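This report concerns only the one structure given below.
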Amino acid sequence: MGEQALTPPAGADAGTDPAETPATAADAVPEGTGAATAGMTADGQPAAPAGVPGAGMTADAGGTGGPRELTADLVAGPGGVMTDEVGVVTGELTLKSRYADGQATLTVQYKDADEWYAVTGGTARLADPADLDAVHTVALALLHRPEG
């Protein structure tokens, strides 16, 4: 890649000294943060870290944003799994553990079926979406009893 020329802002005279050009809202940088580049540059040189709120992506850090789901197949033990909609379900099932709006919810379906049923008592408030992994692991360990 070759050198890239910088174009002066619209309305600025190419022969004008930048120190004499009026500042615009786009030029504003919070005091003490340096250049607000959010890590982007035009010349390929890495920029110094900038204190730009929101520049980091929560998806990179596991995030706390939207819904999360985990699924696993299981074989219900004696007595099956109690659901709110249809009572006890037995046999080969799929467990779905879902996190949304600060709450974990467990549902099951007959393996490869379309309908999902809420596991009775299968909701809990979670302070951290990452805790869904532990909830799913424990629920699966309690419900998966292929040998009784």
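Between Asp101 and Glu147, how many nm apart are label points set 7 Å from Cα along the C-beta direction?
4.2 nm
Using alpha carbon coordinates only, what is the Rg to Rh ratio of segment 65-148, with Rh defined as the Kirkwood radius? Show your work: numbers first, answer last.
Details: Rg = 12.3 Å, Rh = 12.8 Å.
Result: Rg/Rh = 0.96.
Quick one: if you stick a label point 7 Å off each Cα along the C-beta vector at Leu126 and Thr94, how many nm between them?
1.9 nm
Taking 0.36 nm per intervening residue step and subtracting the Cα-Cα distance, what contour gain separates Val138 from Met82 on full extension?
Details: separation 56, 0.36 × 56 = 20.16 nm, distance 1.64 nm.
Using 0.36 nm per residue and subtracting the Cα-Cα distance, I get 18.5 nm.
Bear in mind these aren't lab numbers, they're just calculated from the coordinates by the rules spelled out. In this text, all values refer to a predicted model and were calculated from it rather than measured experimentally. Ideal geometry is used to build each Cβ from the backbone, glycine not excepted, and the neighbour counts take in all protein chains shown.
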